[in-house]
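Written below as structure tokens is the structure these notes are about.
The values are calculated or read from the model by the stated rules, or taken from the named source; none is laboratory data. What you see is a predicted model; the values in this text were computed from it and never measured. A quick note on method: Cβ atoms are made from the backbone with ideal geometry, for glycine too, and the neighbour counts reach across all protein chains shown.
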Amino acid sequence: MKTTIENDLNQNLMPEESLQIINSMISKAKNKLADDGFHLIFWGWLVMFCALTQYITFKLNIEWGGWVWMLMPIGGIVSAVYGYKQGKTQKVKTHIDTYLGFLWGGFLIAMFITLAFGYAHGLKSTYFFLMLLYGLATFISGGILNFKPLIFGSLFSFAFAILAVFLDNADQFLCISGALLCSYIIPGHLLRAKFKSEKNV
């Protein structure tokens with residue numbers, strides 16, 4: 001069943017009315033992402049914690065550091081349960097929601113392929129492509145939502161990917177942490193704060 005917004009777009013509208021409806025769609029998608037900013041913030045902090053733990057244990061020659069990444073499957077379960085609950089309460093789904101869904105779905109597929117087969121070409125190659133994927137997903141999301149912190153944050157992720165090429169394996173984890181801080185964590189918190197403040201106006 002089509003939403004009211006999508007039905008409106010199929011009508012013969014004046015350009016100004018169409019623009020208002022598109023802005024309304026973007027606003028609704030932003031609010032959804034702000035609520036679901038949980039995913040940006042949750043995964044940003046979780047992966048950053050694992051990367052920094054791996055870096056510290058690597059520098060201290062502690063062998064169990066790699067086990068911290070076992071938090072990823074647990075995080076996946078938490079994220080899936082949260083997403084399922086959010087989906088059940090969602091009343092309106094716009095085209096922008098669909099675009100973002102395909103974008104982040106494609107991101108997950110590409111990330112799993114990179115993690116599964118990237119090690120054949122070395123750690124640097126894997127981490128390099130992961131940071132490019134972080135940047136690409138947030139860059140496109142920021143463009144769709146017209147939210148500049150996501151766009152600017154993605155540029156830092158691209159920069160950290162380039163920087164990582166010239167660093168050793170241990171320092172790759174610092175680059176991953178920096179990329180996540182700039183492209184996930186800071187924009188995620190800014191997005192949530194922005195819409196919380198707007199709701200209180």
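What do you reckon, is I96 surrounded by 15 or more Cβ atoms within 10 Å (Cβ to Cβ) and either part of a helix (DSSP H, G or I) or modelled with pLDDT under 90 (or both)?
The answer is yes for I96.
Taking F128, is it out of contact with any Phe, Trp or Tyr (no Cβ under 6 Å at 6 or more places or on another chain), part of a helix (DSSP H, G or I) and at pLDDT 95 or above?
No: the conditions fail for F128.
Mind listing whichever residues of segment 119-148 are touching a helix residue (DSSP H, G or I) at 6+ places or on another chain (Cβ under 7 Å) and farther than 25 Å from I96 by Cα?
Once the filter is applied, which keeps residues that are touching a helix residue (DSSP H, G or I) at 6+ places or on another chain (Cβ under 7 Å) and farther than 25 Å from I96 by Cα, segment 119-148 yields Y119, L123, K124, S125, T126, Y127, F128, F129.
Give me the helices (runs of 4 or more DSSP H) completely within segment 135-201, filtered to those with at least 2 residues that are closer than 18 Å to W43 by Cβ and in contact with a Pro (Cβ under 9 Å, 6 or more places away or on another chain), ordered by residue number.
148-164, 186-199
Might you check whether a residue that is free of Cβ contacts under 8 Å to residues at least 12 places away in the same chain and out of contact with any Gly (no Cβ under 9 Å at 6 or more places or on another chain) occurs anywhere in segment 142-151?
yes
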